[in-house]
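Right, one structure below, let's go through it.
The values are calculated or read from the model by the stated rules, or taken from the named source; none is laboratory data. Model, not experiment: these values are computed from the prediction. As a convention, Cβ positions derive from the backbone with ideal geometry for all residues, glycine included, and neighbour counts pool all protein chains shown. Each accessible area value is taken on the protein alone, full model and side chains, heavy atoms only, with ligands, DNA and RNA left out. Shrake-Rupley method; radii C 1.70, N 1.55, O 1.52, S 1.80 Å.
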Amino acid sequence: MSPPFTAGWLTKAGTYTVEKMPMPHLSTAVDLAKPRVGVMHTTEGGFDSALSVFRQHYAPHFMVGTDSKGHTRILQFVPLGTMASALQNHTGGVETNRWAHVQIELVGRSSMEP
């Protein structure tokens with residue numbers, strides 16, 4: 001049996017501080033009746049460029065990566081338990097964003113080639 005789901009803002013992830021940085025998001029709750037699902041994406045760009053996009057558009061729960069000063073950072077944009085918006089959600093299809101309990105963007109590129 002899974003431990004209870006804790007909603008809200010994190011302050012730590014292991015030894016790392018989690019920076020609270022609220023971004024635009026919907027106030028819809030995730031569907032806690034669905035199995036726990038996490039989604040990871042790559043930003044396909046650098047830390048600062050990804051951050052500027054999330055300041056203007058709906059964001060994932062977290063962004064994890066190395067900033068331009070070489071510091072590893074974890075930013076939380078949306079409180080857990082609330083729907084983030086890193087997934088495409090087609091009208092009439094599966095409510096992907098509401099079913100994903102945690103959405104994480106990793107700073108970097110998925111391509112193995114430069």
To the nearest Å², the heavy-atom accessible area per residue of the chain with 1.4 Å probe amounts to 63
Please name which of 79, 23, 62 has its Cα lying farthest along the dipole of the chain towards the positive end, using unit charges on Cβ (Lys, Arg +1; Asp, Glu -1) and the Cα centre as origin.
79
With axes computed from alpha carbons, what is the tilt in degrees of helix 47-56 against the longest principal axis of the chain, rounded to the nearest 10 within 0 to 90?
40
So which lysines can residue 20 reach, going by Cα to Cα under 17 Å and dropping same-chain residues fewer than 8 places off?
12
The range 10-84 - percent of accessible surface contributed by carbon and sulfur, probe 1.4 Å
57
At a threshold of 8 angstrom on Cα-Cα distance, excluding pairs fewer than six apart, so keeping six or more, what relative contact order does the range 1-95 reach in percent?
38
Checking 71, 41, 101 against a Gaussian network model of the chain (alpha-carbon springs below 10 Å), the top fluctuating residue turns out to be 71
Highest-MSF residue in the chain out of 32, 80, 51 [GNM, Cα springs under 10 Å]:
32
Note on the chain, DSSP bridge orientation, antiparallel percent to nearest 5 equals 50
Candidate cut points under trypsin sites (Lys or Arg not before Pro) in the range 17-114, DSSP loop plus at most 10 other Cβ atoms within 10 Å of their own Cβ, are 69
Kindly provide the pair-distance distribution of the chain built from C-alpha pairs, with 5 Å bins from 0 and whole-percent values in order of increasing distance.
2, 12, 21, 24, 20, 12, 6, 2, 0
Cut-off of 10 Å, at most 16 other beta carbons, DSSP loop: longest stretch of the chain lacking such chymotrypsin sites (Phe, Trp or Tyr not before Pro)
59-114
